Each structure stands twice: as C-alpha cells, then as structure tokens.
Amino acid sequence: MTPYEDLREFIDQVDKLGALRRFEGADPLYEVGGITEVAAGSPECPALLFDGLKGFPRGVRIFTNATVSAQRAALALGVDPHLPPIDALKEWRTRRANLVMHKPVTVEDGPLLENSETKAIDVGRFPAPVWHKDDGGPYIGSGSIVVMRDPESGWVNASIYRVQVHDRSRVTVQFDHQGRHGAIIAKRYWDAGKPCPVAVVNGPDPAIFIAGFEYLPEGASEYDFAGAIRGRPLEVLNAPVTGLPVPARAETVLEGHLVAETLPEGPFGEFTGYYAADKRPAPVMNVAAMHWRSDPILLGSPPMKPPRFHFGLPLRAASMWSQLEAAGVTDVVGAWQHVAQLMTVIALRQRYAGHSKRAALIAAAQSYMGRIVVTVDEDVDPSDLADVMWAIATRCEPSEQVDIVKSAWSSGLDPRITPEARARGETSHSKLIIDACKPFGWRERYPRTSALTAEEARAIREQWFRS
C-alpha cells in the first residue's frame, strides 16, 4: 500500500527521506528545466520543489524529478525505498504479478474544486515551463494525464500525452501516432461530427502517473491500475463541464473539447536527448474550465538526456524478466535497463552452453529502441553499471562473445536512423549482444574473484552503513 493519498503527501514523504531540495525565484523559461536536468544528473539526484517562480505569486509551485531515483520510484510503488535498486525491482515484479485492481470511487467534492473558472479562462495562471532551449513553446503537460471517454464503450482512458500551451484558452495534445488510445478515441468523436470531451490533469499523484505510462490494453483502466498500486480505490469526481472522472485530489485540471482543428506543435526534446522532429500538427483543445487547489503544484516530468529517466526503476526490465521465464529461460536472477532503457542487462546462473545467448536474443527482441544487450553471471549486479562494465572488461572476449543482430525493432525517435531511411518509413536498426558471462565450457576453472559476494556486501551495509 502506498504511503500517500496525493502529490502533496508524496512530497512530504520525499522530504522525510531527505531527498527533497527547494528552489526560490527560478524562471519557467529555461531555468526550471535546466536546474531539473542538472539535479537529475547529480549523485544525490534530489526531487525539486520550485516556489516564488518568476512571474507567479508564491504558492504556485512546480515539482520535478519526482520519481527519477530508484529510491523515490520504489516509494511511489509502495515498495520499501531503503531496498537496493535490484531488490526493489524484484519486489515490484512479485507484486505486479499479483496486483488486485481497485475501481475508482466517485465522490461529490474534493480539494480540486477549491477554485474554479469557466468565464475568464487563462491557462497562463499556471506555470508552463519551456523545458529545453529549442522547444517549440511552453509545456504545461510533461507529467500530466489526459482523460478521455470512448463514445462507443464508455471506457475511460487516462494516459500521459504532452500538452503545449498556445494561448490563454488553447492547448494542443500530441498523440505521436494514430495508434495511441487517445487518438483512436478522439477520431471516433470527430467521425461522428462531434468534438471530443477531454480533461488534462496536472499534478496527479505518482500512482496515477505510473498508470499513465504503463502499457495497458484497450479497455483496461489506468484508474483501476492506480488503485492496485495504491492498495485502495482512487477517489474521483465528475468534472463539472465534461462529466469526465478526474482525481478528486489532483492539483489542477483543464476541461474542454478536443477538435479536429490543428496547430503546429513542438519540437520537444525526447528521452533520447535529441529532437526527433520539427513542428508537427496536433489537435487543439479549447479550454472551457479550469479547476485548481489553492497553492497548486505542477508535476513536471520533462524528457532529459540519458541516463536520466522519468522513473528510477526500469519497469520494462521487470516485464522482460517475466517474458524470459515465460519463454522457458530458467535461472534469470536479475534484469535492468540503463541509459534511459536503451541498454538492457540480464543476469543469470548458467546451466548449459548457449543459455546466456538464448536469454540475450529474447531480450533483444523485446528491447524497444535499445541497441545494446548484455548478459552477466549471477555474481554481477545488473543495476550497477560499474559492475556490468567490470564483467564486460574481464569476462568478454570480443572475437568470441559479441554478436550483431540486424534489422531489429526501433522507432522514429531513434536519432541514428538516416534521413533517407526515415523518409521511407524504415525505423529498424541493429542490436549489439555482449556475452559478459564466464565461458560456459571452462567456467569452473575461471580465476576466482577477490570481491565480496552480493550477500556479504549487503550484510556489511546493513551493519555499518545504515543510519
């Protein structure tokens, strides 16, 4: 069960961990984004709470780097934040397999409705940072949830899409491609000649944020999944204008309608650390109502240059671990992803010749955009990049233990795809597989390590380093 009810309580918990840093007087134009990126790359990697923002009254705040560290990601999931990262991921993987969904509970009122405006709409009341120096404009939605209801089934989709502010009452929602659930729902309204009701939730609690980027099938509820993470139902209220269910304890909500009209959107820095496209058309949301808590907090989660990533525990690696087991690959003891999920590491206890290669090939097939897959022995911590590089440098003979798989799964976000291939719609690349395990045929004769085992190191940390 998570130890928070909303974003404010989560911030309090982060503060108690000593992982919160406060800033005064930063400018949403570039400064907030720059400070966020520098902090995310520092050894401490603190969460940041900005107040006294330039151009805004005190109390209007921005919270960033919420779940960038493994510790805070664990806290958001309701996992012990003091666990080592690989153990926290193992714990989540176990919980994920046995989650009990909780449907949201509808309430009549909530803190969200402390303030409302339906006449003098001005989205500029709330900070919308320009996160990167070449971004196409201010983005209020980098960690926001976009809520829509399917007109045919009534299914409510609540996913993360980026939201750019264009003027006082118009924002755009970028779906990236027409296969996204939000794009499919919006098109169904437009095909019927109707605008699409939409609500943008700024400042959701971390459980809703996690549910928003989880890959759920059509018809599955992010609110149910958030309730499963929380261990109890999420409270929602029916938004006054659209009737869409929105979290009752959210910080701010914009209500309105998404229309087929478009505006040029972007560019926006991507999680690869590059820009993937120039301006692109995105549908316009005409904002009809704004609701907000007193002293509202914007949850900002901008993409940043790797290894910084919006979530400090690689949930996709946990899924990959389960997929390996489902495929019959035994004795996997750990999985992790580095460089913003672009490098995958699988740790296993070798049982037969070709065991590590089998695991690597399956992992490569599931590694979205990632070019590098590494396998290591069970004595190597896959979450510790220094440990992984030690294994590569001392156990991998490149002439024997490196393979390249061509024409593999990538994405239009991949900066290495040539302009000519991109123009043809070709988004494949190659993947490097590095076997950094001891050679199976003579592993028993491999030189003994002088290092502590993981269990020995853990015992020493528990006895001598726990404060």
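The values are calculated or read from the model by the stated rules, or taken from the named source; none is laboratory data. Keep in mind it's a predicted model, so treat the numbers as computed, not measured. Note: ideal-geometry Cβ built from the backbone for every residue, glycine included; neighbour counts use all protein chains shown. These area figures cover heavy atoms from the full protein model, side chains too; ligands, DNA and RNA do not enter into them. Shrake-Rupley method; radii C 1.70, N 1.55, O 1.52, S 1.80 Å.
Against the chain, whose longest principal axis comes from its Cα atoms, helix 31-40 is set at around 20 degrees.
Counting protein heavy atoms only, region 205-296 has 54 percent of its accessible area on carbon and sulfur, 1.4 angstrom probe.
Remark on Val173: its backbone amide H falls under 5 Å from those of Met285, a criterion applied only to residues 5 or more positions apart or on other chains, H modelled at 1.01 Å from N. Each 5 Å bin from zero holds the following percent of Cα-Cα pairs in region 16-85: 4, 17, 26, 21, 15, 10, 5, 2, 0.
Note on region 209-255 and region 344-373: Cα centroid distance 35 Å, given to the nearest whole angstrom.
Extending 7 Å from Cα along the Cβ direction at Arg58 and again at Glu400 yields two label points whose distance is 6.8 nm. Over the Cα atoms of region 110-233, the radius of gyration divided by the Kirkwood radius equals 0.97; this is the Rg/Rh ratio.
Count neighbours as other Cβ atoms within 10 Å of each site's Cβ, and list the trypsin sites (Lys or Arg not before Pro) in region 206-290 that are DSSP loop with at most 13 such neighbours. Write down the numbers at each step before the final one.
Details: sites: Arg230, Arg249, Lys279; in loops: Arg249, Lys279.
The qualifying sites are Lys279.
Evaluating 6.51 cos²θ - 1.76 cosθ + 1.60 at θ = phi - 60° for every residue in region 248-263, the Karplus couplings come out as 5, 10, 5, 7, 9, 9, 9, 10, x, 9, 8, 10, 6, 4, 10, 10 Hz, glycine and proline recorded as x. Translational diffusion coefficient of the chain at 20 °C, 1.002 mPa s, Stokes-Einstein with Kirkwood Rh over Cα pairs, in µm²/s as a whole number. D, rounded to a whole number, is 91 µm²/s.
Restricting the count to DSSP beta bridges whose residues both fall in the chain, what percent are antiparallel, rounded to a multiple of 5?
On the way: 58 of 81 bridges.
Roughly 70 percent of the DSSP beta bridges within the chain come out antiparallel.
Can you list which of the trypsin sites (Lys or Arg not before Pro) found in region 330-385 are DSSP loop residues with at most 16 other C-beta atoms within 10 Å? Intermediate values should be presented prior to the final figure.
Working: sites: Arg349, Arg351, Lys357, Arg358, Arg371; in loops: Arg349, Arg351, Arg371.
Those that pass, being in a loop and sparsely packed, are Arg349, Arg351.
In the context of the full set of protein chains, region 316-392 has a per residue accessible area of 35 Å² (1.4 Å probe).
Each 10 Å bin, from zero up to the one with the longest distance, holds this percent of the alpha carbon pairs of region 220-338: 10, 21, 33, 26, 8, 1.
Carbon-plus-sulfur fraction of the accessible area of region 309-467, 1.4 Å probe, in percent? Walk me through the intermediate numbers first.
Details: 4600 of 8490 Å².
Here it works out to 54 percent.
Given charges of +1 on the Cβ of Lys and Arg and -1 on the Cβ of Asp and Glu, with all other atoms neutral, how large is the dipole of the chain about its Cα centre, in debye to the nearest 20? Don't skip to the end; give the middle numbers.
Numbers: 51 positive and 58 negative charges, 138 e Å.
Roughly 660 debye, rounded to the nearest 20.
Give me the angle, in degrees from 0 to 90, between the Cα long axis of helix 315-326 and the longest principal axis of the Cα atoms of the chain, rounded to the nearest 10. Result, in degrees: 50. Across q = 0.20 Å⁻¹, region 345-467 modelled as identical point scatterers on its alpha-carbon atoms has Debye log10 I(q)/I(0) values of -1.08, in the order of the q list. For region 345-406, chymotrypsin sites (Phe, Trp or Tyr not before Pro) are listed when DSSP marks them as loop and at most 16 other Cβ atoms sit within 10 Å of their Cβ; the list is Tyr352, Tyr368. Across region 66-73, coupling constants 3J(HN,Hα) worked out from phi with the 6.51/-1.76/1.60 Karplus curve, θ = phi - 60°, read 4, 10, 5, 8, 4, 4, 6, 5 Hz, and Gly and Pro carry x.
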